[in-house]
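Asker: Following this message is one structure expressed as structure tokens.
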Amino acid sequence: MDIGEVDWKRLAAALDWYEGAGFRRISLPWHARREVIEVTCPAPERQYALPGVGTLVGSAEQSFMQMQFDGLLPKGRWVSLTPCFRAEPVFDDLHHPYFMKVELYSNEDTQEALDIELAETARRFMRLHGAREVDVVRTYIGYDLEIGGVEVGSYSTREHNGHVWTCGTGLAEPRFSQAVGIESL
């Protein structure tokens, strides 16, 4: 299955841009313990387990969560780039078994209204890097960003066992490039 072209320069630009916006860059593992993965993806059939290693992350959110749960992530606003592995029920032009994503994450003491702040920050980046219109859409868990009806980011605040965090998409490739291409038709 062809997942499309990943714009690596745009991903690198996103990391730099978000650092300039106050997020600290961090390298993360591409796998996490199953019990961490299950917080955001409880269905085993949608997980990619690697025996003896862990489970491949569906998003860097899961890597961030593991570090936070283990007391290894200081308070702050973070940005990282990881692959995302998704066992979707259907794969098509926009839904792939893997892709690359810059993830925004905050474990600061206050998370009030941070999901919309992250969404607006990502919206500014996307407008600067090719999207003409980026719509903010309220969802049952937070906010999505859409370009031409294509979801290009999700933002929410979550809690698990006393840990609170806010996360969202800084840039997902090739989805963002595909949405910008659809928008220009």
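Asker: Do the conditions hold for T82, that is, is it touching a residue at least 24 places away in the same chain (Cβ under 8 Å), among the β-branched types (V, I, T) and either in contact with a Leu (Cβ under 8 Å, 6 or more places away or on another chain) or open to solvent by 50 Å² or more (accessible area, probe 1.4 Å) (or both)?
Answerer: On the way: touching a residue at least 24 places away in the same chain (Cβ under 8 Å): yes; among the β-branched types (V, I, T): yes; either in contact with a Leu (Cβ under 8 Å, 6 or more places away or on another chain) or open to solvent by 50 Å² or more (accessible area, probe 1.4 Å) (or both): yes.
Answer is yes for this residue.
Every residue, every condition in (1) in contact (Cβ under 8 Å) with a residue 40 or more places away in the chain; (2) in a strand (DSSP E or B); (3) crowded, with 21+ Cβ neighbours inside 10 Å; (4) not acidic (D, E), yes or no:
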site: Y18; (1), (2), (3), (4): yes, no, yes, yes
site: S27; (1), (2), (3), (4): yes, no, no, yes
site: S63; (1), (2), (3), (4): no, no, yes, yes
site: L72; (1), (2), (3), (4): no, no, no, yes
site: K75; (1), (2), (3), (4): no, no, no, yes
site: E103; (1), (2), (3), (4): yes, yes, yes, no
site: E120; (1), (2), (3), (4): no, no, no, no
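Asker: Test each condition in (1) in contact (Cβ under 8 Å) with a residue 60 or more places away in the chain; (2) part of a strand (DSSP E or B); (3) open to solvent by less than 50 Å² (accessible area, probe 1.4 Å) for Q68 and report the one that comes out false.
Answerer: (2)
Asker: Of everything in region 51-61 that's among the hydrophobic types (A, V, I, L, M, F, W, C) and buried (at least 20 other Cβ atoms within 10 Å of the Cβ), which residue is farthest from G168 (Cα to Cα)? Give the steps one after another, and end with the answer.
Answerer: Restricting attention to region 51-61, the residues satisfying the condition of being among the hydrophobic types (A, V, I, L, M, F, W, C) are 53, 56-57, 60.
Restricting the remaining residues to those that are buried (at least 20 other Cβ atoms within 10 Å of the Cβ) gives 56-57, 60.
Values: L56: 18, V57: 15, A60: 10 Å.
So, considering only residues that are among the hydrophobic types (A, V, I, L, M, F, W, C) and buried (at least 20 other Cβ atoms within 10 Å of the Cβ), the one farthest from G168 (Cα to Cα) is L56.
Asker: Regarding T110, is this residue of a type in the set (S, T, N, Q), open to solvent by less than 40 Å² (accessible area, probe 1.4 Å), over 18 Å from E19 (Cα atoms) and free of Cβ contacts under 8 Å to residues at least 24 places away in the same chain? Working first, answer last.
Answerer: Values: of a type in the set (S, T, N, Q): yes; open to solvent by less than 40 Å² (accessible area, probe 1.4 Å): no; over 18 Å from E19 (Cα atoms): yes; free of Cβ contacts under 8 Å to residues at least 24 places away in the same chain: yes.
Considered against the rule, which asks whether it is of a type in the set (S, T, N, Q), open to solvent by less than 40 Å² (accessible area, probe 1.4 Å), over 18 Å from E19 (Cα atoms) and free of Cβ contacts under 8 Å to residues at least 24 places away in the same chain, T110 comes out as no.
Asker: On the basis of being over 20 Å from E108 (Cα atoms) and of a type outside the set (A, V, I, L, M, F, W, C), does K9 make the cut? Give the derivation first.
Answerer: Numbers: over 20 Å from E108 (Cα atoms): yes; of a type outside the set (A, V, I, L, M, F, W, C): yes.
Answer is yes for this residue.
Asker: Moving to a separate point now. Taking region 1-16, which residues are part of a helix (DSSP H, G or I), surrounded by 11 or more Cβ atoms within 10 Å (Cβ to Cβ) and charged (D, E, K, R)?
Answerer: Selection gives R10, D16.
Asker: Next question. Just need a number here: residues in region 66-90 that are among the aliphatic types (A, V, I, L, M), modelled with pLDDT of 90 or more and in contact with a Phe, Trp or Tyr (Cβ under 7 Å, 6 or more places away or on another chain). Please lay out each step first, then the result.
Answerer: Here is the first cut: in region 66-90, the ones among the aliphatic types (A, V, I, L, M) are 67, 72-73, 79, 81, 87, 90.
Remaining after also requiring modelled with pLDDT of 90 or more: 67, 72-73, 79, 81.
When the remaining residues are screened for being in contact with a Phe, Trp or Tyr (Cβ under 7 Å, 6 or more places away or on another chain), the result is 73, 79.
Going through region 66-90 one residue at a time, the tally reaches 2.
Asker: Tell me the strands (runs of 3 or more DSSP E) entirely within region 123-185 that contain at least 1 residues that are open to solvent by less than 30 Å² (accessible area, probe 1.4 Å), β-branched (V, I, T) and touching a residue at least 60 places away in the same chain (Cβ under 8 Å).
Answerer: Numbers: elements: 135-138, 142-147, 150-160, 163-173.
By residue number, 163-173.
Asker: Tell me, which residue of region 87-101 that is over 15 Å from the mean Cα position of the chain (by Cα), open to solvent by 60 Å² or more (accessible area, probe 1.4 Å) and touching a residue at least 24 places away in the same chain (Cβ under 8 Å) is nearest to H163 (Cα to Cα)?
Answerer: Restricting to residues being over 15 Å from the mean Cα position of the chain (by Cα), open to solvent by 60 Å² or more (accessible area, probe 1.4 Å) and touching a residue at least 24 places away in the same chain (Cβ under 8 Å), the top hit is F91.
The values are calculated or read from the model by the stated rules, or taken from the named source; none is laboratory data. The model shown is predicted, which means the values in this text are computed figures rather than measured ones. Note: ideal-geometry Cβ built from the backbone for every residue, glycine included; neighbour counts use all protein chains shown. Calculation scope for accessible area: heavy atoms of the full protein, side chains included, ligands and nucleic acids excluded. Shrake-Rupley method; radii C 1.70, N 1.55, O 1.52, S 1.80 Å.
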